[in-house]
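In what follows, a structure is listed as structure tokens, so that the remarks can point back to it.
The values are calculated or read from the model by the stated rules, or taken from the named source; none is laboratory data. Note that the structure is a prediction, hence the values are computed from the model and not measured. Using ideal geometry, Cβ is built from the backbone for each residue, glycine included, and neighbour counts are taken over all protein chains shown. All accessible areas refer to the heavy atoms of the entire protein, side chains included, with ligands and DNA or RNA removed. Shrake-Rupley method; radii C 1.70, N 1.55, O 1.52, S 1.80 Å.
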Amino acid sequence: MPTKNRAIFGILILVFFFFLILLGFSIYTINAFKDSEENGLNLLGANEIAVVEINGIIMESKVTVDKLKIAMNSKNVKAIILRIDSPGGAVGPSQEIFEEVMRIDKDKDNGKPIYSSLGTIAASGGYYIASATRKIYSNAGTLTGSIGVIMQFVDISKLLEWAKITSNTLKAGKYKDIGQPSRSITKEEKKLIEKLLEGVHKQFVNDVLSSRKDKIKGDIWQLAQGQIFSGEEAKNSGLVDEIAGLYEASRRIHKELGFKGEPNLRYIKKKKNISFLDFFENLEESVSNLTLGGVGKYLPMFLYEAN
């Protein structure tokens, strides 16, 4: 190889080597900054109000619980707002988040006061979680309530019969195939499922009463038949405490806690470990978003009553 070509090749190797060092330093710096945020060394200052967002259908609890723990362990955070914009979801995860909210709010040593702010919709499991907080703020037009439990089964046995398709199910256990779409549920199975739903419904109501018994106006069972209320209606029945959006709620909480100046909101984000591979994956995702435009990805869903 000619001397000139070797020199150019050596320079390219050095450039690539320094690029790797710079990339590694950038990743280390980002991780260190995120670590400092999670350990309460946030640059925004003291007397922060942490905002933990719960968006969409609730199918798991880990992300929300982890965010709550980050806020709880932050030295600068003095209170937490759950910003809930959810139509509800699975029972188990909603109950787990409810329990964690109650624990953190009532912990005398390391706990933080937790409030909730209801967005467009905070119904069913969304309201379940909100009821654990010491005060619920809602917009006047927020859709909330829906204190109830539901299971749905599809029976396509007639369609299979029409299509001359035979479905064979092998089972061990009398009730193991309850809800199979290839057959209708029996009267006995229906009673079994209804008993299950009634039990979970009672758990829901009892948990709401555990923190809002003195606030509910009227018979809770009349309010817990799965109906949806506006924020204003919910306030009149004691399901909601005050009518206010997120920012007005933060100002009221700020004043309630005796802080001066303007509220300092800090949105809690769960830390992601950044690796060399993640760098290229994120780059690929960014290019994909630019080319595809994310069509349909962020279209809103609406709650409506079918005719």
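Does any residue of the range 80-93 turn out to be at pLDDT below 95 and within 20 Å of residue 251 (Cα to Cα)? No - not one qualifying residue is present in the range 80-93. The test for being charged (D, E, K, R) and modelled with pLDDT of 95 or more holds for residue 202.
Residue by residue, here is whether (1) open to solvent by 30 Å² or more (accessible area, probe 1.4 Å); (2) out of contact with any strand residue (DSSP E or B) (no Cβ under 7 Å at 6 or more places or on another chain) holds:
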site	(1), (2)
110	yes, yes
121	no, no
143	yes, no
158	yes, yes
170	yes, yes
176	yes, yes
180	yes, yes
186	yes, yes
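Checking each residue in the range 245-255 for being assigned to a helix (DSSP H, G or I) and either within 26 Å of the chain's Cα centre (by Cα) or crowded, with 16+ Cβ neighbours inside 10 Å (or both) picks out 246, 247, 248, 249, 250, 251, 252, 253, 254.
Take residue 217 and tell me if it is open to solvent by 50 Å² or more (accessible area, probe 1.4 Å), in contact with a helix residue (DSSP H, G or I) (Cβ under 6 Å, 6 or more places away or on another chain), touching a residue at least 12 places away in the same chain (Cβ under 8 Å) and not hydrophobic (A, V, I, L, M, F, W, C).
Yes; evaluated as a whole, the condition is true for this residue.
Taking (1) open to solvent by less than 10 Å² (accessible area, probe 1.4 Å); (2) in contact with a helix residue (DSSP H, G or I) (Cβ under 8 Å, 6 or more places away or on another chain); (3) of a type outside the set (Val, Ile, Thr); (4) within 18 Å of residue 206 (Cβ to Cβ) in turn, residue 130 satisfies each apart from (2).
Out of the range 145-156, which residues are free of Cβ contacts under 8 Å to residues at least 40 places away in the same chain and either surrounded by 13 or more Cβ atoms within 10 Å (Cβ to Cβ) or assigned to a strand (DSSP E or B) (or both)? Correct list: 153, 155, 156. Between 132, 50, the distinction of being under 24 Å from residue 262 (Cβ atoms) and hydrophobic (A, V, I, L, M, F, W, C) belongs to 50 only. Residues of the range 44-93 that are of a type in the set (Gly, Ala, Ser), in a helix (DSSP H, G or I) and surrounded by fewer than 18 Cβ atoms within 10 Å (Cβ to Cβ): 92 alone.
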